[in-house]
Amino acid sequence: MLKDSIQRFLFQKLDIRGQWVHLDMSYQEILGIHPYPEAVARLLGEFLAASALLGSTLKFQGRLVLQVRSSGEVSLLMAEVTHDRQLRGIARMADVVLSQEFNTLLKEATLVVSVEPKDGERYQSLVPLSGANLAECLVQYFDQSEQLQTFIKLTSSDDSVAGILLQQLPKQLALDESERESQWQHAMMLAKTLKQEELLILSSEKLLQGLFADDAIKLLEAESVVFKCSCNSERTANALMMVGPTELESMFEETPEIEMACEFCHRKYCFTRESLGETLRKDKLNH
Ligand SMILES: [Zn+2]
């Protein structure tokens, strides 16, 4: 079995780089917490793989979040990865999910890609989910944000997910525009022959050797990916404060202890009036 990992690689003679991701355990752990219908689980799997691919190039401490809100059967999908490869994700959906199709599950949706450094300003890009699948929408995202040609393929089964991303680098080795373009087109032609099941079961090494037999590819060290929720009592306390002071007061009148469960991992947090105040003070001191 392949381990949950992300691996970056470089074409040594071309201005192209790539990332490969495979998730088993982390995906299954997330599905273990939330028993989603199959179509939703697979869609979430693709979002998880995509967040790992996009997050693998973060150059700072922080996180990358992919979020979609839609008027379809899946009202919200969210996948998040931190700089140290910790993943989490959720989906909110209708009571009954009948559709299998990307565009009906996520109808009239917009994908929000947020890059959130721990210290510093976060920035967001919005992309309409107009493609046939998530990979197509992400290609559009790169087109608009980095203006670099990108190839993405994502696939998911009941128990694993995988993805690959190839991206043109700024001019470095091939300075001639037409040579550069033909190198990219050639790599694309080969990449498009990759089958879903090959992506799911092959190691990064076998996959790349099989696909790009004539190209020298340098694999960087594989990095482990794990499911780990980033919730804590400070964040939960802040989320609780969002209900507003009046509502909060009436909640405490009903019960001396309010319980909040993390939506991602179902961990429970309990607050009394005193402990809530203390947690918020502590959070302020830390920022
Ligand atoms: Zn949590």
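Quick one: which of Leu148, Leu126 is surrounded by fewer than 20 Cβ atoms within 10 Å (Cβ to Cβ), part of a loop (DSSP other than H, G, I, E, B) and assigned by TED's automatic domain parsing to the domain that holds Asp24?
Among Leu148, Leu126, only Leu148 is surrounded by fewer than 20 Cβ atoms within 10 Å (Cβ to Cβ), part of a loop (DSSP other than H, G, I, E, B) and assigned by TED's automatic domain parsing to the domain that holds Asp24.
Is it the case that segment 161-175 has a residue that's closer than 21 Å to Leu43 by Cα and either among the small types (Gly, Ala, Ser) or outside the structural domain of Leu53 (by TED's automatic domain parsing) (or both)?
Yes: segment 161-175 contains one or more residues that are closer than 21 Å to Leu43 by Cα and either among the small types (Gly, Ala, Ser) or outside the structural domain of Leu53 (by TED's automatic domain parsing) (or both).
Table: residues versus (1) part of a strand (DSSP E or B); (2) surrounded by fewer than 19 Cβ atoms within 10 Å (Cβ to Cβ).
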position: Ala39; (1), (2): no, no
position: Glu46; (1), (2): no, no
position: Ser51; (1), (2): no, no
position: Leu98; (1), (2): no, yes
position: Val113; (1), (2): yes, no
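Check every one of the strands (runs of 3 or more DSSP E) wholly within segment 216-287 and list those with 2 or more residues that are away from the ligand (no atom under 13 Å from the Cβ) and assigned by TED's automatic domain parsing to the domain that holds Met25.
Details: elements: 217-219, 258-261, 268-271.
Qualifying strands (runs of 3 or more DSSP E): 217-219.
Got a sec? Which of Ser182, Ser224 is closer than 23 Å to Asp84 by Cα and either among the small types (Gly, Ala, Ser) or in contact (Cβ under 8 Å) with a residue 24 or more places away in the chain (or both)?
Values: Ser182 fails: closer than 23 Å to Asp84 by Cα.
Answer to the check: Ser224.
Out of curiosity, is Ser233 of a type in the set (Ser, Thr, Tyr) and out of contact with any helix residue (DSSP H, G or I) (no Cβ under 6 Å at 6 or more places or on another chain)?
Values: of a type in the set (Ser, Thr, Tyr): yes; out of contact with any helix residue (DSSP H, G or I) (no Cβ under 6 Å at 6 or more places or on another chain): no.
No: the conditions fail for Ser233.
Against the condition touching a helix residue (DSSP H, G or I) at 6+ places or on another chain (Cβ under 6 Å), on the phi < 0 side of the Ramachandran plot and assigned by TED's automatic domain parsing to the domain that holds Met93, how does Glu29 come out, does it pass?
Values: touching a helix residue (DSSP H, G or I) at 6+ places or on another chain (Cβ under 6 Å): no; on the phi < 0 side of the Ramachandran plot: yes; assigned by TED's automatic domain parsing to the domain that holds Met93: yes.
Against the criterion (touching a helix residue (DSSP H, G or I) at 6+ places or on another chain (Cβ under 6 Å), on the phi < 0 side of the Ramachandran plot and assigned by TED's automatic domain parsing to the domain that holds Met93), Glu29 does not qualify.
If a residue has to be in a strand (DSSP E or B), within 19 Å of Leu154 (Cα to Cα) and among the small types (Gly, Ala, Ser) to count, how many in segment 53-84 make the cut?
1
Suppose we keep only residues that are of a type in the set (D, E, K, R) and farther than 14 Å from Phe11 by Cα within segment 183-222. Which one would you say is farthest from the chain's Cα centre (by Cα)?
Step one: filter segment 183-222 for residues of a type in the set (D, E, K, R), giving 192, 195, 197-198, 205-206, 214-215, 218, 221.
Pick out the ones that are also farther than 14 Å from Phe11 by Cα and you get 192, 195, 197-198, 206, 221.
Values: Lys192: 22, Lys195: 22, Glu197: 21, Glu198: 21, Lys206: 24, Glu221: 20 Å.
The qualifying residue farthest from the chain's Cα centre (by Cα) is Lys206.
The values are calculated or read from the model by the stated rules, or taken from the named source; none is laboratory data. No experiment lies behind these values; they were computed from the predicted model shown. Neighbour counts run over all protein chains shown; Cβ positions are idealised from the backbone, glycine included.
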